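Data block below; observations after.
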Amino acid sequence: GGDRLLASGSAVLEGYVVRGLNFQLKARDLPTVNLPDIRATVNADLNVSGPPDALLVEGQATLIRAEVQLLSFVEAPIEAESFWESSTYLKGLRGRVRLSAERNVWARGPTFDIEMEGDVDLVKDAEGIRIYGPLNSRRGIYEFAKTDFRIERGELQFLGALDINPNLYILGTHRLRLITGESAVITAVIGGTLAAPLVTLESDPDLPEVDIFSYLIIGMPAQDMTSLLGGSQS
């Protein structure tokens, strides 16, 4: 399918034992992961050097296409003992790779579907993988109160924690019609972290928050809902 992985370099031998490596990897349109929670195709230029049990990886990679079920990594992160200690090579691996996303890179979850762009650093140390840096939204949808908000601005900020739970900032809008006949724009601002988002609501024209919730859920202000329920009960 046009995908390529090229490797070139040298090895230091002591008898028949490899004591050191120094080689370059170049990937072009290479499918690297195809799992239920993550699929990714990359271009990459990496340098790998050092003894086999303490390899150092440096370079950069670009996501050409990717889909990540992000909450899966927050709720069930890969444990160091089950993955990074599964082989001598992975346990001793160190390095830093700049990972870039330009388009066709999607972060997905039960309540969001966001195309991301930006650069983050993937750092592997003795404890596992850490991610540093921001990813910004290109477009997407965030669902709140069974309502789709179009994302106007968004950012996932990775701070290098071992648990992949980035700080979250999303500003989304939803347009609806009030019972007066005029149009209103509801703005949802989502902060906090991916695992524990905090949502605040605003509107133009200005409405009480209880009315905003009521419009989103049943399409009318809270007072009218109370009157309707009171009338039906009588």
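The values are calculated or read from the model by the stated rules, or taken from the named source; none is laboratory data. Please read these numbers as outputs of a predicted model, since none were measured by experiment. Note: ideal-geometry Cβ built from the backbone for every residue, glycine included; neighbour counts use all protein chains shown. To get the accessible areas, we keep the full protein, side chains included, count just its heavy atoms, and leave off ligands, DNA and RNA. Shrake-Rupley method; radii C 1.70, N 1.55, O 1.52, S 1.80 Å.
P(r) for the chain, please, calculated from all Cα pair distances in 5 Å bins and given in %.
Bins of 5 Å from zero give 1, 6, 11, 14, 14, 12, 10, 8, 6, 5, 4, 3, 2, 2, 1, 1, 0, 0, 0 percent of pairs.
I'd like to check one number: the per residue accessible area of the stretch 101-234, probe 1.4 Å, reported in Å² as a whole number.
Dividing the accessible area of the stretch 101-234 by its residue count gives 54 Å².
Probe radius 1.4 Å, ligands and nucleic acids ignored: give me the carbon and sulfur share of the accessible area of the chain as a rounded percent.
54
Rounded to the nearest Å, what's the spacing between the alpha carbon centres of the stretch 119-198 and the stretch 24-78? Just the number, please.
Using only Cα atoms to place each centre, the spacing works out to 23 Å.
Just to check, using Stokes-Einstein with a Kirkwood Rh over alpha carbon pairs, what's the diffusion coefficient of the stretch 121-234 at 37 °C and 0.692 mPa s in µm²/s?
D, rounded to a whole number, is 201 µm²/s.
Tell me the angle of helix 222-233 to the major Cα principal axis of the chain, expressed in degrees between 0 and 90 and rounded to the nearest ten.
So the inclination is approximately 60 degrees.
Quick one: compute a quarter of the convex hull surface over the Cα atoms of the stretch 154-210 and quote it in nm².
On the way: hull surface 17.7 nm².
Computing the convex hull of the Cα atoms and averaging its projections yields 4.4 nm².
What does the accessible area of TYR89 come to, in Å² to the nearest 10, when a probe of 1.4 Å is used?
140
Nearest 10 degrees is fine. How inclined is helix 209-218 to the longest principal axis of the chain, computing both from alpha carbons?
The two axes meet at around 90 degrees.
Given a Förster distance of 35 angstrom, what is the FRET efficiency for ARG39 paired with THR200, based on the Cβ-Cβ distance and rounded to 0.05?
Working from the Cβ atoms, E equals 0.55.
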